[in-house]
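Read the structure below first, then the notes.
The values are calculated or read from the model by the stated rules, or taken from the named source; none is laboratory data. Treat the numbers as computed from the prediction; the structure is a model and nothing was measured. Because the Cβ atoms are built from the backbone with ideal geometry, glycine has one as well, and the counts that use them run over all protein chains shown. Note: areas computed on protein heavy atoms with side chains; ligands, DNA, RNA excluded. Shrake-Rupley method; radii C 1.70, N 1.55, O 1.52, S 1.80 Å.
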Amino acid sequence: CEYVQNGTQSSTESTDRIINIVTPCRCMAAALHAVRVVGKGKAQNNQNADASNIKVSSVARQLWSMIQNGELQSFQGNFLNLLTLLCLAFPSASAGQWHLFLEQSGTKVSPLLSILEEGASAIGSERYDDKFLVVLPSALRATSTLLTAMPFTLWISREARPTMRITGGGFSTRVRNALLTVLNCTLNLMAAIKSRISCEWLSNQMKISYAQSMEHVMMQVSQVAEKLCTILPFDGENSIFLQPASNIVQCAGDIYVHSVKIITSKPLITEPELECTLLYKSILNFSKFITQSLGVDSFDTVKVTTCSAPAENWLSNASSYAFIGLLLTDSCWTFPSSKDRIEMLSSVARRSPWTLAREPFNLASFCELCVVQCKRLSDDDSRLLGLKLIESFILGRKSFLADSISNKMVFSVVPETLYPLLRVALHDHVAAVRACAVSSLGPFLKHDWVGLFLSDSDSSKEQCSIDWTPLEQILNMCIVHNEKNAHVRSSSCKVIGDICTACIWGDLRQEGNDTHETLLFSDGFILSLICKISEVMIHVLTDENASVRSMALHAIGNMAFALKEHCDGRFALQFSAMKQLFPSVCALLGDKDEKVVANAIRSISHIAYFVYHPEYLSEIEDKSSATLDVYRSLLSDLSAKIKFALEDAAGEIPMGLTWKQRNGAKKHAWGSCTTLGKLLSFSNILPYIDITLTESSLSSLFRCIQLSNIINEKIVAAAIKALVNLPITMWHHLSCNCDSVGRGLATCFDFLYEKKTTASNHDDVESLAHLLLISARRADFCNLFLIQDSVPFSVEYFYQWLVRHDTEPGVLKEIAAAVTSQKVEHILDVSVVQMFLSRTIQQNRRQSSPCKLNVAALSIDEYDEEGDEL
């Protein structure tokens, strides 16, 4: 920057000035690009790293000076591009210079906003030239990157932490005023573009430089608009942004409507010709902005984020009626743009289904469009687009059921109009069409399945006739003999899992007291449903395709979890089908595919309830039964998966793992912790299991806590939750028989000492420590002090914790007995022994209470049931 400024002052010849400015600009651009690429990871890990490399504030001020310099207007584009690269390379430091480029008040002029204002004025009055249209996209790009770098969450968001938020005095007001100006400039620029849209934009005879420059302007202004609508906060004091931002979305919708209508007026244009026109580019850019503001990144992907407040506000009022009406009117669309129409309508249906349901005419037009698209037998793409449109609506309806949707209208349209189209598409000769059709059944609600399973809705209240055809059709598509495409089979298995969630444990159980629904989803229906699904899934688990096996496990896991919630403590129903599935599910722990193994681990945690729970497990005849053999194998295999991930994290594996392998190992360990906890909670099994195996399983969970500083936090949280949820009867069973209780105490107090009170799992670990304390006996406390070499902990902190929590005299008596025993007294300092003895005497005198709860009388078969999720 200094070289450029010196060159402009010393050079008088035009050629010398160009060399002295353009060359260093190119060098600086290359350097900033390199810094961005090389230092991207460092910048993400250290927010202050970018500020220490160069004086960003100095560079920013020099760029501001050069942009403002009237003699260098022909080089403004170069300087603006450098500003963009500076923001990309040093985002945190560049954000601190926002006031130079976005703030204007009184005599202070913002260079970026001035260019935007002049651009809106010039485009609106057609007083522009090629040079100006080159500078405007650069100014818009710099504005977009600067907005991205600015940490609005810390500066003005109401949700920011008070210590990090800068809300006082003039700063927040200055930021808000600057953003309001940016919003208005963006709106004015888009309004100017809207005013210039005409039939001329359909012509390929336009001046090439003008067409390219206007295309870049539309592309960049739509990106600025997207940033403003998606990253700004709109709550509290920031609600002042909502209306201007909503106006921007509305203007984009108006541009879209106007452009489509002009295309309709020229029906003879071909698709290749259309895609080369400026008018098509306007549709492309502003439709992308609208879909992004709706929270949909791409029509072809399933990635969906939250719908922005401005887009939601726009769709909820009358200003969007013309836009929605255009999408639903066939006469406004010609064949080259029909795909754009369906994609846009799908985005609206996915994120704002109430927009289509607020008027009967809109919903009827939507359904008619779906019928037309799905019945084009000679056009595979049209049928697929129609099914994606249906899928988007059904997904949106499920996501926004609580919003202002007319339930009766929306509920009836799915089984009466949309399901028949999906049913036909399930037999389509195109695999992609079949896959989309079956996937669309996944978001069906419980109410939908009532209408599909009841073959005669007017049947007697005492008896309902069940039509299993809809379920059997999907089950048939899970089997390789009936469906050759693996993706279709996989999608079908996933839908089976979704059906189980909706029908067995659906969230809409409290929707109403419909008699047919109550009779349909009775215990008898549930038993039949489970048997039909289990008969198919046990074969699908052996499918040659890993994705199919994985989704079959997903279906089984959903079925088991939903069934457990349905039982809700009622053990009259015996689900033999679940027990038959269990060995096949467990066998997939050794599968070659990581996703299959991960789903097997999760599914075991749910289905094990119907195998090992005391109410479902018949009396164990001997320790060599097959049921116990599977249980032992599970404890061993799951512990091994946890151990593998921990050894990798600790660097104890000789050969390093790839990123994919390491990520898979973490997921397996995370799931194994949860499933191991579920298995160990069946305390009725423990007397039949070798105590060393139980001890080894618990040790793997304890080590997750011991290595909490170096392993994934999710693994630590899962291990802690698994241990906290174990029944106290298990700890009583292990007390004095192994070192698990003592090892657990040492692990807990080392974690609490090292983490102090900042750890997110602090309260759970304290609960576990308390549980272990009241379960421990003298031998366990002896083990606690004897294993300090392998599991070190602070004895002083242990004592202070006991004092701080006013530990009961019975626990202190057991500790006193341990520290005075011959095993321990020689390894502890005399002062430590005296410390515990004094505290014990003091507590006994103060409370005069029974020494300890007689826990020996507790039954080892007591079971603590906890919730779970899949």
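List the residues of region 60-76 whose backbone N lies under 19 Å from a point placed 7 Å from the Cα of Thr107 along the Cα-to-Cβ direction.
65-66, 68-70
What FRET efficiency do you get for Ser209 and His33 if R0 is 22 Å and r is their Cβ-Cβ distance, rounded to the nearest 0.05?
0.25
Evaluate the relative contact order of region 704-771 (contact order divided by residue number), counting alpha-carbon pairs under 8 angstrom at least 6 apart; express in whole percent. Please report the intermediate quantities before stating the final value.
Details: 42 pairs, mean separation 25.4, N = 68.
37 percent.
Spin-label point model (7 Å from Cα, Cβ direction): what's the Thr469 to Glu796 distance in nm?
Distance between the two pseudo-spin positions: 7.9 nm.
Apply the Karplus curve 6.51 cos²θ - 1.76 cosθ + 1.60, θ = phi - 60°, to the phi angles in region 216-223 and return the couplings in whole Hz, x for Gly and Pro.
Working through the residues one at a time gives 5, 4, 5, 5, 6, 5, 5, 6 Hz.
Nearest 20 debye, what's the magnitude of the dipole of region 645-740 about its Cα centre given +1 on Lys and Arg Cβ and -1 on Asp and Glu Cβ?
I would put it at about 480 debye.
For the pair Ala322 and Ser125, what calculated FRET efficiency results from E = 1/(1 + (r/R0)^6), where r is the Cβ-Cβ distance and R0 = 30 Å, to the nearest 0.05?
Between Ser125 and Ala322 the formula returns 0.70.
Express in nm, to one decimal, how much length is gained between Glu118 and Asn709 on full extension, taking 0.36 nm for each residue of separation and deducting their alpha carbon distance.
Details: separation 591, 0.36 × 591 = 212.76 nm, distance 5.56 nm.
Extra length from Glu118 to Asn709 when fully extended: 207.2 nm.
What list of ³J(HN,Hα) couplings, whole Hz, do you get for region 209-214 from phi and the Karplus terms 6.51, -1.76, 1.60, once you set θ to phi - 60° and write x for glycine and proline?
4, 5, 4, 5, 5, 5
Keeping all protein chains in place, calculate the accessible area per residue for region 652-705 (probe 1.4 angstrom), answer in Å².
41
So which of Lys678/Lys813; Lys261/Lys288; Lys288/Lys446; Lys398/Lys494; Lys484/Lys595; Lys643/Lys714 end up more than 27 Å apart by C-alpha? Present the calculation step by step, with values, prior to reporting the outcome.
Working: Lys678/Lys813 33 Å; Lys261/Lys288 18 Å; Lys288/Lys446 34 Å; Lys398/Lys494 17 Å; Lys484/Lys595 21 Å; Lys643/Lys714 15 Å.
Going by Cα-Cα distance, Lys678/Lys813; Lys288/Lys446 fall outside the 27 Å limit.
If you plug each phi of region 354-361 into the Karplus form 6.51 cos²θ - 1.76 cosθ + 1.60 with θ = phi - 60°, what whole-Hz ³J(HN,Hα) values come out, in order, with x for Gly and Pro?
Values, residue by residue: 5, 5, 7, 9, 6, 10, x, 5 Hz.
Where the accessible area of region 714-771 is counted over protein heavy atoms with a 1.4 Å probe, how much of it, in %, is carbon and sulfur?
Answer for region 714-771 is 47 percent, counting heavy atoms of protein chains only.
Using modelled amide H (1.01 Å from N, peptide plane; none on Pro or chain starts), what sits under 5 Å from the amide H of Ser735, excluding residues fewer than 5 places away?
none
Go through 527-537, 658-668, 249-259 and give me the packing order, highest mean Cβ count within 10 Å leading.
Ranking, from highest mean packing down: 249-259, 527-537, 658-668.
Multiply the residue separation of Glu275 and Asp235 by 0.36 nm, subtract the distance between their alpha-carbon atoms, and state the gained length in nm to one decimal.
Details: separation 40, 0.36 × 40 = 14.40 nm, distance 4.01 nm.
Roughly 10.4 nm would be gained on extension.
Sort out for me the Cα centre separation of region 673-728 from region 224-274, rounded to whole Å.
54
Evaluate the distance, in nm, between pseudo-label points positioned 7 Å from the Cα of Leu786 and of His427 along their respective Cα→Cβ axes.
7.4
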